[in-house]
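I have placed the structure first, in the form of structure tokens, so that the comments after it can refer back to it.
The values are calculated or read from the model by the stated rules, or taken from the named source; none is laboratory data. Values in this document were obtained by computation on a predicted structure and should not be read as measured data. All Cβ positions, glycine included, derive from the backbone under ideal geometry; neighbour counts span all protein chains shown. Note: accessible area is taken over every heavy atom of the protein model, side chains too, but ligands, DNA and RNA are not part of it. Shrake-Rupley method; radii C 1.70, N 1.55, O 1.52, S 1.80 Å.
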Amino acid sequence: MARPKILVTRRWPVTVEAKLAERFNVVINQGDVALKPCEFRQAFKDYDAVLPTVTDKIGADALELVGPRTKMLANYGVGFTHIDMPSAQAHGMIVTNTPDVLSECTADLAMTLMLMAARRAGEGEREVRNGQWTGWRPTHLVGTKVSGKTLGIVGFGRIGQAMARRAHHGFGMKIVVHNRSRIAGDVLAKYGAVQADDLDDLLPQCDFVSLHCPGGAENRHLINSRRLDLMRPNAYLINTARGEVINEHALVQALSFDTIGGAALDVFDGEPNIARSLLDCDRLVMLPHLGSATAESREAMGFRVLSNLEAFFNGQSPPDRVN
Ligand code: DGY
């Protein structure tokens, strides 16, 4: 029987690309540039499975075709709000993601951002590189202590919990969580955490707020000017979730008028384009979507996609099916 034909939309770790090529008839987008909707429509006619990533906007337009050959979208990444799920569903396409394997590294990056923002690491690095450092002095780039403070975690799934473990057991932080469903008492107890009834209740209690919820229409601008106003004037906002969760215009206002202490972002609305007004904010740390960017996670994500493909083409239900 002919091997299934699959399209990998970006370059992946070479070890995974090699394994995929052993099992499937693979085409890799060697140019490593995100495909356009018309290229996706063609791909859905030509391939049995398409393997997209967060940079592939597979909206309703990309799925507007009759009788696609593609029966599986095996996403490389945990978030899948870049895929129009009703359209995929209408074509009977199975969608899978890659949970678990990137949780630790994404939480490590959220900690990195929290520490960078609190200790003004971005400002310090810019000063050193620009040759502007004039030497140690008691009042120079004074930041905020992290240990023992209160951290609010919005979205208490695997990554939110990995963040809580680091912050509570490593830094003695008190943890308050907001989650759309109730978290079991024994899970909260592992991190000495309490669950707030409402996001509006959580925000005024916290010195740091870290976002770990899904993106998409449901959470678009969850953090808006009203909610930024609920944060303490010296609190910090950290985002490793999705750019659209924050209203960036409102964040720029909050940073410009010092109504919050600072922020750190790994994700942006409309990335890789970054609003000019964000670039002008000094008390803002920015990284280029590096949450899962370790050799270990990126390889494990690829092998997780491979397991999903193997299950699907062996007639079984893929372990990470999300629809
Ligand atoms: C994800 O997995 O959704 C990340 O944002 C990309 O690693």
Within region 136-157, identify whether any single residue is open to solvent by 40 Å² or more (accessible area, probe 1.4 Å), in contact (Cβ under 8 Å) with a residue 12 or more places away in the chain and under 23 Å from SER297 (Cα atoms), and answer yes or no.
no
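Rundown of residues vs (1) within 16 Å of the ligand (Cβ to nearest atom); (2) aliphatic (A, V, I, L, M); (3) open to solvent by 20 Å² or more (accessible area, probe 1.4 Å); (4) assigned by TED's automatic domain parsing to the domain that holds ASP266, yes/no style:
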position	(1), (2), (3), (4)
VAL33	no, yes, yes, no
CYS38	no, no, yes, no
LYS45	no, no, yes, no
ASP48	no, no, yes, no
ALA74	yes, yes, no, no
GLY77	yes, no, no, no
HIS91	no, no, yes, no
VAL95	yes, yes, no, no
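Before we move on, is ASN234 surrounded by fewer than 24 Cβ atoms within 10 Å (Cβ to Cβ) and touching a residue at least 40 places away in the same chain (Cβ under 8 Å)?
yes
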Conditions (1) in contact (Cβ under 8 Å) with a residue 24 or more places away in the chain; (2) more than 20 Å from the chain's Cα centre (by Cα); (3) in a helix (DSSP H, G or I) -> ASP201 fails only (1)
Qualifying residues in region 50-64 (those that are surrounded by fewer than 16 Cβ atoms within 10 Å (Cβ to Cβ) and more than 23 Å from the chain's Cα centre (by Cα)) - the one farthest from GLY315 (Cα to Cα):
ASP61
Given the conditions (1) within 14 Å of the ligand (Cβ to nearest atom); (2) assigned to a loop (DSSP other than H, G, I, E, B); (3) open to solvent by 10 Å² or more (accessible area, probe 1.4 Å); (4) under 22 Å from GLY243 (Cβ atoms), and given that CYS105 satisfies all but one, which numbered condition is not satisfied?
(2)
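Each row is one residue, and each column tells you yes or no for (1) surrounded by fewer than 20 Cβ atoms within 10 Å (Cβ to Cβ); (2) assigned by TED's automatic domain parsing to the domain that holds GLY152; (3) modelled with pLDDT of 95 or more.
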| site | (1), (2), (3) |
| --- | --- |
| ASN239 | no, yes, yes |
| ALA264 | no, yes, yes |
| MET301 | no, no, yes |
| VAL322 | yes, no, yes |
In region 185-215, the residues that are over 22 Å from GLY291 (Cβ atoms) and open to solvent by 50 Å² or more (accessible area, probe 1.4 Å)
GLY185, ASP186, ALA189, LYS190, VAL194, ASP197, ASP198, ASP201, PRO204, GLN205
Out of ALA250, ALA254, ALA300, I need the residue that is part of a helix (DSSP H, G or I) and either under 16 Å from the mean Cα position of the chain (by Cα) or within 16 Å of the ligand (Cβ to nearest atom) (or both). Which one?
ALA300
Which of the residues belonging to region 163-175 are buried (at least 21 other Cβ atoms within 10 Å of the Cβ) and within 21 Å of the chain's Cα centre (by Cα)?
MET163, ALA164, ALA167, ILE175
Which condition number in (1) over 27 Å from the mean Cα position of the chain (by Cα); (2) part of a loop (DSSP other than H, G, I, E, B) is the one that TRP12 fails?
(1)
